[in-house]
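Remarks on the structure that follows.
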Amino acid sequence: MNDAPHRLETGVTSDLSGRNRGRPLPRVSVIIPALDEGRSLSVLLPILRSMSLGQIIVADNGSTDQTQQVVESHGALWVFEPRRGYGAACHAGMRQLSPTTEIVVFLDADLSDDPALLPDLVEPIAAGEYDFVVSTRAAHLRQPGSMSLPQRVANRLFPWLIKAGWGHAYRDMGPFRAIRRASLEAVDMQDRAFGWTIEMQIRAVELGLGIKEIPVPYRRRRGRSKISGTVLGVLRAAYWITRTCVWLWVTKRRRIRRGSST
Ligand SMILES: Nc1nc2c(ncn2[C@@H]2O[C@H](COP(=O)(O)OP(=O)(O)O)[C@@H](O)[C@H]2O)c(=O)[nH]1
Ligand SMILES: [Mg+2]
């Protein structure tokens, strides 16, 4: 705890890199969906390597930059997934999980989230208190410009929809999240596109998982946005998130009619 704090670009400080030092996390594996993120991965991967995680898996849908070389040169596992999409990449990463993995962390490659906070997400699960820990991009910790307008709208609208449809009040849909492996398997993720984060959150509610939200700082991404920073990306994400909500709602109604709970 006396180690020099890790200073974020937001000006917020966190001493978690110090807290983690000397405490390996061999049963924790991190999955990073990445598309042309070689530059940010060259900063992100050494930080993750210093945490002695079980596996660092980077799932790539055909980057044309140095992503593969950067991943391999940092001793992480590069996984190629021919089908485009955030969910397809995360799913490809899940297929590579080692049998010893007990907690799975999902983290974007763009350095918007501070990887030094990983132990904060993992600890409530390791302690047996929760099954699913989601980051909340807290307004007071956000670097100006780190979230686009569509992202800010989505981060109000969709949690409201989840509250209306499933009764659980999430504050956000932060991509940085940790989940017990057994819970992830029970969740049985179906989305292969951009409904991935909301599907996990809704299914976690349906399954009655212990859910915790942790406020985190959020920084302006490095490199070019693939989702919320482009018109096509926003339309695609809005379509898939809405489609996922509708599909889960219909499935839930059918289950209720059949009289089964999950
Ligand atoms: N493998 C893969 N990764 C993707 C895809 N789209 C986005 N990503 C990655 O998913 C993360 C989030 O994407 P990003 O562009 O930051 O979205 P934003 O935060 O909404 O602007 C980043 O690590 C991207 O590289 C995709 O189709 N395939
Ligand atoms: Mg991003």
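The values are calculated or read from the model by the stated rules, or taken from the named source; none is laboratory data. The structure displayed is predicted, hence computed values, not measured ones. Positions of Cβ are generated from backbone atoms using ideal geometry, with glycine treated the same way; all protein chains shown enter the neighbour counts.
When restricted to residues that are within 11 Å of ligand 1 (Cβ to nearest atom), assigned to a helix (DSSP H, G or I) and without any contact (Cβ under 8 Å) to a residue 40 or more places away in the chain, segment 68-109 contains 1. Applying the set (1) free of Cβ contacts under 8 Å to residues at least 24 places away in the same chain; (2) surrounded by fewer than 20 Cβ atoms within 10 Å (Cβ to Cβ); (3) hydrophobic (A, V, I, L, M, F, W, C); (4) within 25 Å of Arg84 (Cα to Cα) to Trp160 leaves exactly one unmet item: (4).
Restricting attention to segment 128-141 and to residues that are among the aliphatic types (A, V, I, L, M) and modelled with pLDDT under 95, the residue that is surrounded by the fewest Cβ atoms within 10 Å (Cβ to Cβ) turns out to be Ala139. Inspection of segment 85-103 finds a residue satisfying the criterion of being surrounded by 19 or more Cβ atoms within 10 Å (Cβ to Cβ), of a type in the set (S, T, N, Q) and more than 16 Å from ligand 2 (Cβ to nearest atom).
Here's a check for you: in segment 110-162, which residue that is basic (Lys, Arg) and within 13 Å of ligand 1 (Cβ to nearest atom) is nearest to the chain's Cα centre (by Cα)?
Let us first name the residues in segment 110-162 that are basic (Lys, Arg), namely 137, 142, 152, 156.
Narrowing further to those that are within 13 Å of ligand 1 (Cβ to nearest atom): 137, 142, 152.
On the way: Arg137: 12, Arg142: 17, Arg152: 17 Å.
Across segment 110-162, the extreme among qualifying residues is Arg137.
When Phe176 is tested against (1) of a type in the set (A, V, I, L, M, F, W, C); (2) within 16 Å of ligand 1 (Cβ to nearest atom); (3) over 22 Å from Val28 (Cβ atoms), exactly one condition is not met: (3).
Out of Asp108, Asp131, report the one residue that is touching a strand residue (DSSP E or B) at 6+ places or on another chain (Cβ under 8 Å) and within 22 Å of Gly208 (Cα to Cα).
Among Asp108, Asp131, only Asp131 is touching a strand residue (DSSP E or B) at 6+ places or on another chain (Cβ under 8 Å) and within 22 Å of Gly208 (Cα to Cα).
Please indicate, with yes or no, whether at least one residue in segment 169-178 is among the basic types (Lys, Arg), within 24 Å of Leu141 (Cβ to Cβ) and without any contact (Cβ under 8 Å) to a residue 60 or more places away in the chain. Yes, because at least one residue in segment 169-178 is among the basic types (Lys, Arg), within 24 Å of Leu141 (Cβ to Cβ) and without any contact (Cβ under 8 Å) to a residue 60 or more places away in the chain.
Residues in segment 185-193: is at least one small (Gly, Ala, Ser) and within 16 Å of ligand 1 (Cβ to nearest atom)? Walk me through it before giving the result.
First, the residues of segment 185-193 that are small (Gly, Ala, Ser): 186, 193.
Next cut, within 16 Å of ligand 1 (Cβ to nearest atom) only: 193.
There is at least one residue in segment 185-193 that is small (Gly, Ala, Ser) and within 16 Å of ligand 1 (Cβ to nearest atom).
Can you work out which of the residues in segment 34-84 that are in contact with a Lys or Arg (Cβ under 7 Å, 6 or more places away or on another chain) and surrounded by fewer than 18 Cβ atoms within 10 Å (Cβ to Cβ) is nearest to Thr100 (Cα to Cα)? Step by step, filter segment 34-84, then rank; the result is Gly75. Remark: pairs (first residue in segment 218-238, more than 18 Å from Gly87 (Cα to Cα) and near ligand 1 (Cβ under 7 Å from one of its atoms); second residue at pLDDT 90 or above and aliphatic (A, V, I, L, M); Cβ separation under 9 Å; 6+ apart in sequence or on different chains) = Arg221/Leu111.
Do you know which residues across segment 188-210 are within 12 Å of Met94 (Cβ to Cβ), crowded, with 21+ Cβ neighbours inside 10 Å and away from ligand 2 (no atom under 16 Å from the Cβ)? Can you show your working first?
Residues of segment 188-210 that are within 12 Å of Met94 (Cβ to Cβ), as a first pass: 188-189, 192, 196, 200.
Pick out the ones that are also crowded, with 21+ Cβ neighbours inside 10 Å and you get 196, 200.
Of everything in segment 188-210, just one residue is within 12 Å of Met94 (Cβ to Cβ), crowded, with 21+ Cβ neighbours inside 10 Å and away from ligand 2 (no atom under 16 Å from the Cβ), namely Met200.
Filter segment 101-139 down to residues that are polar (S, T, N, Q) and closer than 15 Å to Leu44 by Cα, then give me how many there are. Spell out how you get there, then give the answer.
Restricting attention to segment 101-139, the residues satisfying the condition of being polar (S, T, N, Q) are 101, 112, 135-136.
Imposing the further condition that a residue be closer than 15 Å to Leu44 by Cα reduces the set to 112.
Residues that pass the stated criteria total 1.
Of all the criteria given as (1) buried (at least 20 other Cβ atoms within 10 Å of the Cβ); (2) in contact with a helix residue (DSSP H, G or I) (Cβ under 8 Å, 6 or more places away or on another chain); (3) over 18 Å from Ala88 (Cα atoms); (4) of a type outside the set (Lys, Arg), the one not satisfied by Tyr218 is (2).
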